[in-house]
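Read through the structure below, which is laid out as structure tokens, and then see the notes.
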Amino acid sequence: MASNILSHVVSDLCIGKPAVRVLPQSTPIAAALATLRAGADPFVFVDAAAPSDGKKTATVSVVKVSVAEILCYVCGDSGNLGDPAAALSRPVSVLTASAGDHGVTRRVDPQTSLLDAIDVLLANNSHSLVVPLHTRTGRKKHHHVSAAVSTASGAASHCLLTQQDIVRHLFGSISLFSRVAALTISSLGLIRRDAHAVNVDDDALDAIPLLRRSIARGTAVAVVADDNALVGEICPGVLGSCDVESVSAAFAALSAGDAMTYIDCYFSPPEFLLRSIRARLTDKGLHAMCDLMDAAYTADVATLSSSASSSDEESPLARSGRARRVSSGSFRWRSTEDVAACHAENSLVAVMAQALAHRVGHVWVVDEITGALVGVVSCADVLAVLRDHLRPERYSDDF
């Protein structure tokens, strides 16, 4: 069985995966948001910038952009908060320029071995790879990374392969990892003690720098009480179900705990919370942000009203906006309090099952008695442990 999994290539994991959208760098951020709303995926890709020295690169391909990155851009600068419409009119290249290496997604050949693909992810601190959906080669290539990625107008199409996809694939052969899978995450040294966390009473804007770092790490921002007990999280994946215009307003006006509450009831926010956001934005002089939030919310209400007499299949709301995100598999809605959490003495296999069940790339570690936040286990670290177990000198002793 070990030799069987070692023979797998990345195209084996891409069966049935949809093609990703790749946008040119000149695309306005607002247009990228429209693409996110119209599609079934929580992200789009942007052509990576060519090196300033004009040299060709063999690794950089595209940069992934989601609602979380756009939220960080709008809320991370006071000028953008003061004029969000102007911020959203800028090209997406302003997002890719600040993404750094962590935002880059590499392209690999479909016949790249699974183990080599894992090595590419770990070596480049990447969370995903793009794989051509069609290839003319019939010969397996053990390790090939290319810079050529087609845009939406190109002839070739590509799909996305994430760390979670690979962990899920390996989980299907968990018996191969029986020795390491039964060990505790504490004994394996998988607990990162430097988890990004914000107090419930802190300004939500204080969470933005932490959210940027959590995106780079593939985790989330924990929301904790005064006793450091885990209350919930601000998760990039959950933010993918929100409109930037309204959730930016919530972050600009509310505390971290209240912003988390707003995200939880995003599809039907209580009027008192909307009034609170409007009042605080007005007090801060962020009138343009308030107007943008009202316009986005009014548009959603109008869509709801116009589609009330139609079936979900025929309704335009089922194909766009908030209702689409509720029903779409890629946007499986969950509460920010519905977090994946475990204890330090839980086994690796139990933690993997938690992450896969919640469809996230991280699991919080809390104290078994007090519920206080201890740290976080990332999908990348789990993948590194599994990859190390598959090294020839290791699995030859087991099988």
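Counting only helices (runs of 4 or more DSSP H) that sit completely within region 313-398, those holding 1 or more residues that are at pLDDT 95 or above and closer than 21 Å to residue 167 by Cα correspond to 348-358, 379-389. Exactly one residue out of 271, 233 is within 30 Å of residue 368 (Cβ to Cβ) and not hydrophobic (A, V, I, L, M, F, W, C): that is 233. Condition check for residue 156 on (1) closer than 23 Å to residue 65 by Cβ; (2) surrounded by 16 or more Cβ atoms within 10 Å (Cβ to Cβ); (3) at pLDDT 50 or above: one failure, at (2). Counting only helices (runs of 4 or more DSSP H) that sit wholly inside region 58-149, those with at least 3 residues that are modelled with pLDDT of 80 or more, under 21 Å from the mean Cα position of the chain (by Cα) and at negative phi are 67-75, 93-97, 114-123.
Taken over region 17-38, the criterion of being crowded, with 19+ Cβ neighbours inside 10 Å and within 16 Å of residue 88 (Cα to Cα) is satisfied by 23, 27, 29, 32, 33, 36.
Restricting 218, 232 to residues that are touching a Gly at 6+ places or on another chain (Cβ under 7 Å), surrounded by 19 or more Cβ atoms within 10 Å (Cβ to Cβ) and farther than 24 Å from residue 295 by Cα narrows the list to 218. Answer yes or no as to whether residue 262 is within 20 Å of residue 29 (Cβ to Cβ), modelled with pLDDT under 95 and among the aromatic types (Phe, Trp, Tyr). No. Among the residues of region 158-177, the ones that are over 21 Å from the mean Cα position of the chain (by Cα) and in contact (Cβ under 8 Å) with a residue 24 or more places away in the chain come to 5 in all.
Scan region 256-278 for residues that are open to solvent by 20 Å² or more (accessible area, probe 1.4 Å) and in contact (Cβ under 8 Å) with a residue 12 or more places away in the chain and report the count. So the answer is 6.
Find the residue count for region 212-230, including only residues that are part of a loop (DSSP other than H, G, I, E, B) and charged (D, E, K, R). So the answer is 2. Residue count for region 159-210, restricted to those that are over 28 Å from residue 372 (Cα atoms), outside any loop (DSSP other than H, G, I, E, B) and open to solvent by less than 60 Å² (accessible area, probe 1.4 Å): 11. Only residues that are open to solvent by 60 Å² or more (accessible area, probe 1.4 Å) and either over 23 Å from residue 240 (Cβ atoms) or modelled with pLDDT of 90 or more (or both) were counted across region 279-312, and they come to 10.
Considering region 355-385, and only residues there that are free of Cβ contacts under 8 Å to residues at least 24 places away in the same chain and open to solvent by 10 Å² or more (accessible area, probe 1.4 Å), the residue that is farthest from the chain's Cα centre (by Cα) turns out to be 369. From the residues in region 235-255 that are farther than 25 Å from residue 64 by Cα and among the aliphatic types (A, V, I, L, M), which one is surrounded by the most Cβ atoms within 10 Å (Cβ to Cβ)? Only one residue fits best here, namely 253.
The values are calculated or read from the model by the stated rules, or taken from the named source; none is laboratory data. As the structure is a prediction and not an experimental result, all values here were calculated from the model. As a convention, Cβ positions derive from the backbone with ideal geometry for all residues, glycine included, and neighbour counts pool all protein chains shown. These area figures cover heavy atoms from the full protein model, side chains too; ligands, DNA and RNA do not enter into them. Shrake-Rupley method; radii C 1.70, N 1.55, O 1.52, S 1.80 Å.
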